[in-house]
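Below is one structure; the comments refer to it alone.
The values are calculated or read from the model by the stated rules, or taken from the named source; none is laboratory data. Only a predicted model underlies this, so the values are computations on that prediction, with no experimental measurement involved. Here the Cβ positions follow ideal geometry from the backbone for every residue, glycine too, while neighbour counts run over all protein chains shown. Heads up: the accessible areas ignore ligands, DNA and RNA and are worked out on the full protein's heavy atoms, side chains in. Shrake-Rupley method; radii C 1.70, N 1.55, O 1.52, S 1.80 Å.
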Amino acid sequence: LLITDYSSIFIDFLLLKRPIIFLNIFHEEYKKESGFQVNYEEHTPGNKVSTDDELIKELKLQMNESFFPDQLYSAILEKFHFFQDGKSSRRVEELIDSK
């Protein structure tokens, strides 16, 4: 389980196919000051919470249920990770050797 705010760390975490909770504290302020590189709602697969109570409720829910990636999760995973076979290092090595 990953709990994150507006960090892109979730993109790497997608490969684990585990639940993500987005902690949306200061969402409007962040949107105005820093902005998002992509549409936040369309590119963040997981439940969004903005209070401690919501976070605790979501944690309890996630810890007591099996996780299965939904359509949005799977689509974002495919978008950011073309290769998911665990052989990326091998491909890089082969590319370097071929040069």
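How many of the residues in segment 47-87 are open to solvent by less than 100 Å² (accessible area, probe 1.4 Å) and either touching a Leu at 6+ places or on another chain (Cβ under 8 Å) or not small (Gly, Ala, Ser) (or both)?
The first filter runs over segment 47-87 and keeps only residues open to solvent by less than 100 Å² (accessible area, probe 1.4 Å), leaving 47-51, 54-56, 58-59, 61-62, 66-67, 69-70, 72-77, 80-81, 84-86.
Right, trim to either touching a Leu at 6+ places or on another chain (Cβ under 8 Å) or not small (Gly, Ala, Ser) (or both) and you get 47-51, 54-56, 58-59, 61-62, 67, 69-70, 72-73, 76-77, 80-81, 84-85.
Summing the residues that are open to solvent by less than 100 Å² (accessible area, probe 1.4 Å) and either touching a Leu at 6+ places or on another chain (Cβ under 8 Å) or not small (Gly, Ala, Ser) (or both) in segment 47-87 gives 23.
Can you confirm whether segment 88-99 contains a residue that is basic (Lys, Arg), modelled with pLDDT of 90 or more, surrounded by 11 or more Cβ atoms within 10 Å (Cβ to Cβ) and in contact with a Pro (Cβ under 6 Å, 6 or more places away or on another chain)? Please lay out each step first, then the result.
Our first condition is that a residue be basic (Lys, Arg); within segment 88-99, this holds for 90-91, 99.
When the remaining residues are screened for being modelled with pLDDT of 90 or more, the result is 90-91, 99.
Going one step further and asking which of them are surrounded by 11 or more Cβ atoms within 10 Å (Cβ to Cβ), we end up with 91.
Checking which are in contact with a Pro (Cβ under 6 Å, 6 or more places away or on another chain) leaves us with none.
Looking for residues that are basic (Lys, Arg), modelled with pLDDT of 90 or more, surrounded by 11 or more Cβ atoms within 10 Å (Cβ to Cβ) and in contact with a Pro (Cβ under 6 Å, 6 or more places away or on another chain), one finds none in segment 88-99, hence no.
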